[in-house]
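Asker: Before I ask anything, let me first share the structure, which is written out below as structure tokens.
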Amino acid sequence: MRIFDPHIHMTSRTTDDYEAMYEAGVRALVEPAFWLGQPRTSPDSFYDYFDALLGWEPYRAAQYGIAHHCTIALNPKEANDPRCTPVLDELPRYLAKDGVVAVGEIGYDAMTPAEDTALAAQLQLAAEHGLPALVHTPHRDKLTGLRRTIDVVRESALPPGRVLLDHLNETTVETALDSGCWLGFSVYPDTKMDEDRMVAILTTYGTDRMLVNSAADWGKSDPLKTRRVGEAMLAAGFSAADVDQVLWRNPVAFYGLSGRLRLNAPVPAALHEGNSVLRGGE
């Protein structure tokens, strides 16, 4: 089983996770830019973080045979903080980088006017840079937030077929399908989706335009949930080709819209910026 995790926050994970993911079949991933669990106090902290997504994390992933890509954006939660919004002006220089395969995570958190502005601006940046967009749907009042998101997408220069609506569930899947966008589902141990619910959705709606991710972060999460969904699909009677479509071919097709995918992990250099993950090694 080959796996492309299309949304996982490896900055918050250990190298043991990389090793376990490789053993489970993960060969490629996308790490979206998101908030750090506490407020950033200046735009400069974003730039250091973006640089790590483009440098240190790909280096760390390559040690374990995994091709690392990222998405770059001002995330919805911090779009409400005036200290952070100058980041919007600096995004173009990052969106030009080869390792960036989409603009994201963008979208809604609390559905404020500031989030409206940031979402519209970043959809425009995606269109200008020839990139798809990864959109975060809100955790609260999810269906209302999804409908509002789709309205903004339709008003933008970015076609729905270049947009991935993430963090969906049973209440939002039909509306998302009707929009013409791609559909993303985050599978967690206790919150969001689980394996059985995910299989039920795939049984009802099919495998086209469907992406499954672990979205693993600092909280209780599991970077092997993609593998567990694949196993649950097989147990439910899906074919190996169905599993491959959901866990590999669909994310490759969506992020391939960027023209920047590198599905083979590069041979890592001995050091990155003078540092090695092998602490104490030569």
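Asker: Mind checking which residues of region 209-263 are part of a helix (DSSP H, G or I), more than 30 Å from residue 158 (Cα to Cα) and basic (Lys, Arg)?
Answerer: If the condition is that a residue be part of a helix (DSSP H, G or I), more than 30 Å from residue 158 (Cα to Cα) and basic (Lys, Arg), then 225, 227, 228 are the ones that fit.
Asker: Please determine, by comparing only the residues of region 1-13 that are surrounded by 24 or more Cβ atoms within 10 Å (Cβ to Cβ) and outside any helix (DSSP H, G or I), which one is farthest from the chain's Cα centre (by Cα).
Answerer: Among residues in region 1-13 that are surrounded by 24 or more Cβ atoms within 10 Å (Cβ to Cβ) and outside any helix (DSSP H, G or I), the one farthest from the chain's Cα centre (by Cα) is 3.
Asker: Mind checking which residues of region 209-240 are of a type in the set (Asp, Glu) and within 17 Å of the chain's Cα centre (by Cα)?
Answerer: Scanning region 209-240 gives 217, 222.
Asker: Could you run through region 107-144 and say how many residues are over 14 Å from residue 79 (Cβ atoms) and either buried (at least 20 other Cβ atoms within 10 Å of the Cβ) or without any contact (Cβ under 8 Å) to a residue 60 or more places away in the chain (or both)?
Answerer: Number of matching residues: 16.
Asker: Working carefully through the options 89, 98, 81, 16, find the one that is under 17 Å from residue 272 (Cβ atoms) and surrounded by fewer than 17 Cβ atoms within 10 Å (Cβ to Cβ).
Answerer: 98
Asker: If you take the residues in region 155-165 that are touching a helix residue (DSSP H, G or I) at 6+ places or on another chain (Cβ under 7 Å) and not small (Gly, Ala, Ser), which one is surrounded by the fewest Cβ atoms within 10 Å (Cβ to Cβ)?
Answerer: Per the stated criteria, the residue is 160.
Asker: Right, something else. So, in region 2-16, of the ones that are at pLDDT below 95 and in contact with a helix residue (DSSP H, G or I) (Cβ under 9 Å, 6 or more places away or on another chain), which residue ends up farthest from residue 165 (Cα to Cα)?
Answerer: Only one residue tops the list, namely 15.
Asker: Filter region 46-58 down to the residues that are surrounded by 15 or more Cβ atoms within 10 Å (Cβ to Cβ), modelled with pLDDT of 95 or more and either aromatic (Phe, Trp, Tyr) or more than 12 Å from residue 272 (Cα to Cα) (or both) and list them by number.
Answerer: Hits for region 46-58 are 46, 49, 50, 53.
Asker: Taking the condition buried (at least 19 other Cβ atoms within 10 Å of the Cβ), touching a strand residue (DSSP E or B) at 6+ places or on another chain (Cβ under 9 Å) and either among the acidic types (Asp, Glu) or farther than 28 Å from residue 175 by Cβ (or both), does residue 262 pass?
Answerer: Taking the combined requirement at face value, the residue does not satisfy it.
Asker: Do you know which residues across region 5-33 are farther than 15 Å from residue 222 by Cα, among the hydrophobic types (A, V, I, L, M, F, W, C) and in contact with a Ser or Thr (Cβ under 9 Å, 6 or more places away or on another chain)?
Answerer: 30, 33 - these are the residues of region 5-33 that are farther than 15 Å from residue 222 by Cα, among the hydrophobic types (A, V, I, L, M, F, W, C) and in contact with a Ser or Thr (Cβ under 9 Å, 6 or more places away or on another chain).
Asker: Does at least one position in region 169-184 carry a residue that is hydrophobic (A, V, I, L, M, F, W, C), assigned to a loop (DSSP other than H, G, I, E, B) and modelled with pLDDT under 95?
Answerer: Taking every residue of region 169-184 in turn, none turns out to be hydrophobic (A, V, I, L, M, F, W, C), assigned to a loop (DSSP other than H, G, I, E, B) and modelled with pLDDT under 95.
Asker: Between a first residue in region 206-224 that is in contact (Cβ under 8 Å) with a residue 12 or more places away in the chain and of a type in the set (D, E, K, R) and a second residue that is assigned to a loop (DSSP other than H, G, I, E, B) and surrounded by fewer than 24 Cβ atoms within 10 Å (Cβ to Cβ), which pairs have beta carbons less than 7 Å apart while being 6 or more apart in sequence or on different chains?
Answerer: 217/9; 220/189; 220/190; 222/189
Asker: Shifting gears a bit: Which of the residues spanning region 62-72 are in contact with a His (Cβ under 9 Å, 6 or more places away or on another chain) and either part of a helix (DSSP H, G or I) or of a type in the set (Gly, Ala, Ser) (or both)?
Answerer: 62
Asker: Determine whether residue 207 is at pLDDT 95 or above and of a type in the set (Ser, Thr, Tyr).
Answerer: yes
Asker: Take the residues in region 82-102 that are of a type in the set (A, V, I, L, M, F, W, C) and assigned to a loop (DSSP other than H, G, I, E, B), then tell me which one is nearest to residue 6 (Cα to Cα).
Answerer: 96
Asker: Any residue in region 226-253 that's touching a residue at least 40 places away in the same chain (Cβ under 8 Å) and within 14 Å of residue 198 (Cβ to Cβ): show its pairings with residues that are small (Gly, Ala, Ser) and part of a helix (DSSP H, G or I) at Cβ separation under 8 Å, as long as the two are six or more apart or on different chains.
Answerer: 226/24; 227/24; 243/230; 246/230; 247/230
The values are calculated or read from the model by the stated rules, or taken from the named source; none is laboratory data. Note that the coordinates shown come from a computational prediction; the quantities given were computed from them, not determined experimentally. Quick reminder, even Gly has a Cβ in these numbers, built from the backbone with ideal geometry, and neighbours come from all protein chains shown.
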